[in-house]
Amino acid sequence: MIPKNSVPDQSIIDNIEFNYFKIGKWIDKCVKHNGVAICASAGPSLKDEMPKLKKLLLTNGDKAKVFCVKHSLPTLLQHGITPYAVVILDPREVTGLSTHGIRRDSLLEKCPRDTIFLIASMTHPSVTTFLKEKGANVIGWHAYSDTAKAWGKWNNDLMVLGGTCSAMRVLSVARVLGFRRFECFGFDFSIKERPEGYGVELDKEGRPKY
């Protein structure tokens, strides 16, 4: 299966054009180190595994940094965990509904001062503006894709490979930042029980949802 962008190619190029000149600071490649990247996606298991996540933070001290996506940010904050970074890769408007059916701006309502919001250059301008207006600590990064490559104004900028969603790009971003040990939570690729609508419900592309 070939991944498809969630918006037209021109929209992504327009987003890059805005962010490239709006975001003043960008990540660069770091040397590898002995830090631990605790990566939190937003699968249902995240809440159940919170004790294990907290134990990792406690036992690894300053070496451990929590990276998350916008959907897992509220859960982490509810459990008293302020993430080191939130990785955002979303070319759609901040007021729209996410893939989980939640308004994106509600997920970003709380912006801890100690958290870095790592925004991909293809992210919709409304997301960037929303976070900047809230005083969030914003740093940009460039997500490689054929569409992004076609923009044509790159200046030897670092491109981050890997993944078709923000959760998978978390791993790539953390690796660029020098992490080589990864502990993953909430990356749920299966569910225990057959869901309601199995075999009948379709996704937005008209394919079986489950």
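The values are calculated or read from the model by the stated rules, or taken from the named source; none is laboratory data. Quick caveat: nothing in here was measured; it's all calculated off a predicted structure. Here the Cβ is made from the backbone with ideal geometry for all residues, glycine too, and neighbour counts use every protein chain on show. What goes into the accessible areas is simple: the full protein's heavy atoms, side chains included, and nothing from ligands, DNA or RNA. Shrake-Rupley method; radii C 1.70, N 1.55, O 1.52, S 1.80 Å.
The residues in the range 76-99 that are free of Cβ contacts under 8 Å to residues at least 24 places away in the same chain and either on the phi > 0 side of the Ramachandran plot or in contact with a His (Cβ under 8 Å, 6 or more places away or on another chain) (or both) can be counted, and the count is 1.
For residues that are in a loop (DSSP other than H, G, I, E, B) and open to solvent by 100 Å² or more (accessible area, probe 1.4 Å), tally how many sit in the range 161-206. So that I can check it myself, show each step before the final result.
Start the filter on the range 161-206 by keeping residues that are in a loop (DSSP other than H, G, I, E, B), which leaves 161-165, 177-180, 186-201, 203-206.
Narrowing further to those that are open to solvent by 100 Å² or more (accessible area, probe 1.4 Å): 161, 164, 189, 191-194, 196, 198, 200, 204-205.
Qualifying residue count for the region: 12.
Which members of the range 113-135 meet the condition of being closer than 24 Å to Lys65 by Cα and either among the aromatic types (Phe, Trp, Tyr) or surrounded by fewer than 19 Cβ atoms within 10 Å (Cβ to Cβ) (or both)? Reasoning before the result, please.
Taking the range 113-135 and keeping what is closer than 24 Å to Lys65 by Cα, we get 113-121, 123, 127-128, 131-132, 134-135.
If the condition is that a residue be closer than 24 Å to Lys65 by Cα and either among the aromatic types (Phe, Trp, Tyr) or surrounded by fewer than 19 Cβ atoms within 10 Å (Cβ to Cβ) (or both), then Arg113, Asp114, Phe117, Lys132, Lys134, Gly135 are the ones that fit.
For (1) more than 16 Å from the chain's Cα centre (by Cα); (2) at negative phi; (3) modelled with pLDDT of 95 or more, each residue gets a yes or a no:
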{"position": "Arg113", "(1), (2), (3)": "yes, yes, no"}
{"position": "Ile116", "(1), (2), (3)": "no, yes, yes"}
{"position": "Ile139", "(1), (2), (3)": "no, yes, yes"}
{"position": "Ala148", "(1), (2), (3)": "yes, yes, no"}
{"position": "Thr164", "(1), (2), (3)": "no, yes, no"}
{"position": "Gly178", "(1), (2), (3)": "yes, no, yes"}
{"position": "Lys192", "(1), (2), (3)": "yes, yes, no"}
{"position": "Glu196", "(1), (2), (3)": "yes, yes, no"}
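Quick check on Ile88: is it under 22 Å from Phe187 (Cβ atoms), open to solvent by 30 Å² or more (accessible area, probe 1.4 Å), under 18 Å from the mean Cα position of the chain (by Cα) and among the hydrophobic types (A, V, I, L, M, F, W, C)?
Values: under 22 Å from Phe187 (Cβ atoms): yes; open to solvent by 30 Å² or more (accessible area, probe 1.4 Å): no; under 18 Å from the mean Cα position of the chain (by Cα): yes; among the hydrophobic types (A, V, I, L, M, F, W, C): yes.
No, not satisfied.
Among the candidates Leu57, Leu73, Leu53, Leu46, the residue that is among the hydrophobic types (A, V, I, L, M, F, W, C), touching a residue at least 12 places away in the same chain (Cβ under 8 Å), touching a Gly at 6+ places or on another chain (Cβ under 7 Å) and surrounded by 15 or more Cβ atoms within 10 Å (Cβ to Cβ) is uniquely Leu46.
Considering only the range 87-96, state which residues are touching a strand residue (DSSP E or B) at 6+ places or on another chain (Cβ under 6 Å) and either over 21 Å from Ser172 (Cα atoms) or part of a loop (DSSP other than H, G, I, E, B) (or both).
Applying the first criterion (touching a strand residue (DSSP E or B) at 6+ places or on another chain (Cβ under 6 Å)) to the range 87-96 yields 87-89.
Correct list: Leu89 only.
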